[in-house]
Each structure stands twice: as structure tokens, then as C-alpha cells.
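This report concerns only the one structure given below.
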Amino acid sequence: MNFIIRKAIKDDMGRVLELIKQLAVFEREPQAVIITAEDLENDGFGENPLFQCFVAEANSQIVGIALFYPRYSTWKGKTIHLEDLIVDETMRGKGIGNALFEEVIKYGHSLGVKRIEWNVLDWNEPAINFYESKGAIVLRDWDVAQLNENGIKNFIANL
């Protein structure tokens, strides 16, 4: 299978959103995606981009993405958070996910980051096995904590 990995451009965000929605269905939360292609365009390609994205392209079609952004660890210093690594379900098993993952790791290395991190669902054993085969440590003793939009509003209302 011939494909290329390249940096995403603003015009790619419609297809990027389609893949994000595909992932949400796989992760059993299709209703959770509220972001729009316009949000992605504004947030990723404005004066101060909030994220970067690599895309995998085969036959002039985007078939995978790796979306990530900088973070900072008080213990380690500069890090990157890989928000999503997505390969179109019809294109899995062709090395595309591996190539996208490698591109993010190479990019992080070029920046001198101390860690690249991401979340993986505890039931997604194929993804866990993939990451561990690449040398990743899957921390099973940390839970993710979040305040969603309603939680933030309720918190502020109760101040």
C-alpha cells in the first residue's frame, strides 16, 4: 500500500473531523463530538495554533491522522500529548498507524521533549498491544480526571 505522511493543512480539517467522528463511534461515544471543521480550522491554523496534525494520504484521500499538542510536565519539562491517532477502519493493518506514530515520535524527538503521552481505553487491547510493542509504558494505576463543560459551569456557579 502506497501512502504518504504529511503535515495537515487547513483544507484537511473536514476529513479530519470525519475520522474523529469515526473514532467516536468505535469508542462508543458518537454523540460526544461537538467540535466542527471550522473549530479545527480556527484552532489549528490561527495565529497561535493549539494543535498540530499529521495526515496519512493514499490515492489523494486522507486515511489517517495523528493530532497532538505541546504540554508541560512539572517533573519532566516539555512533553507532547497525542490526542488522537486514527486510521480509517477500511485502511487498518496496512502500516498507516505505525507510520503516523513514528512521525509524531520523530517530531517530539526533534523538539527535545522528555515524554510523549496519550490515553488509551482499557478495553482497547489491540491499541494497548500496539503501543507496548513500540516500547510504551501503559500506566494502569492512573485515572483520568476531567471537568466537562457542565462541570465547569457548575463549579463557577458554586463559587
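All of the numbers you see were taken from the coordinates with simple rules; none came from a lab. These figures come from a predicted structure and were not determined experimentally. Here the Cβ is made from the backbone with ideal geometry for all residues, glycine too, and neighbour counts use every protein chain on show.
Among the candidates GLU47, GLU41, GLU27, single out the residue that is acidic (Asp, Glu) and within 25 Å of PRO126 (Cα to Cα).
Working: GLU47 fails: within 25 Å of PRO126 (Cα to Cα); GLU41 fails: within 25 Å of PRO126 (Cα to Cα).
Matching residue, one of GLU47, GLU41, GLU27: GLU27.
Is at least one residue of segment 124-142 under 24 Å from PRO49 (Cβ atoms) and not basic (Lys, Arg)?
From segment 124-142, those under 24 Å from PRO49 (Cβ atoms) are none; that's our starting set.
No; the residues of segment 124-142 include none that is under 24 Å from PRO49 (Cβ atoms) and not basic (Lys, Arg).
Look at LYS21 and say whether it is within 25 Å of ASN124 (Cβ to Cβ), touching a Pro at 6+ places or on another chain (Cβ under 8 Å) and of a type in the set (D, E, K, R). Write out each step before concluding.
Working: within 25 Å of ASN124 (Cβ to Cβ): yes; touching a Pro at 6+ places or on another chain (Cβ under 8 Å): yes; of a type in the set (D, E, K, R): yes.
Answer is yes for this residue.
Can you tell me how many residues in segment 22-60 are under 26 Å from ARG115 (Cβ atoms) and assigned to a strand (DSSP E or B)?
The qualifying residues number 5.
I'm checking my understanding of the structure. Among residues of segment 85-124 that are surrounded by fewer than 16 Cβ atoms within 10 Å (Cβ to Cβ) and of a type in the set (Lys, Arg), which one is nearest to ARG15 (Cα to Cα)?
Filtering first and then ranking leaves ARG92.
Yes or no, residue by residue, for (1) outside any helix (DSSP H, G or I); (2) β-branched (Val, Ile, Thr); (3) closer than 25 Å to ASP11 by Cβ:
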| site | (1), (2), (3) |
| --- | --- |
| ILE62 | yes, yes, yes |
| GLU83 | yes, no, yes |
| PRO126 | no, no, no |
| VAL138 | yes, yes, no |
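Got a sec? Which of ALA58, ALA157, ALA145 is under 19 Å from ILE9 (Cβ atoms) and hydrophobic (A, V, I, L, M, F, W, C)?
Numbers: ALA157 fails: under 19 Å from ILE9 (Cβ atoms); ALA145 fails: under 19 Å from ILE9 (Cβ atoms).
Of ALA58, ALA157, ALA145, the one residue that is under 19 Å from ILE9 (Cβ atoms) and hydrophobic (A, V, I, L, M, F, W, C) is ALA58.
LEU19 - would you say it is in a helix (DSSP H, G or I) and surrounded by 13 or more Cβ atoms within 10 Å (Cβ to Cβ)?
Taking the combined requirement at face value, the residue satisfies it.
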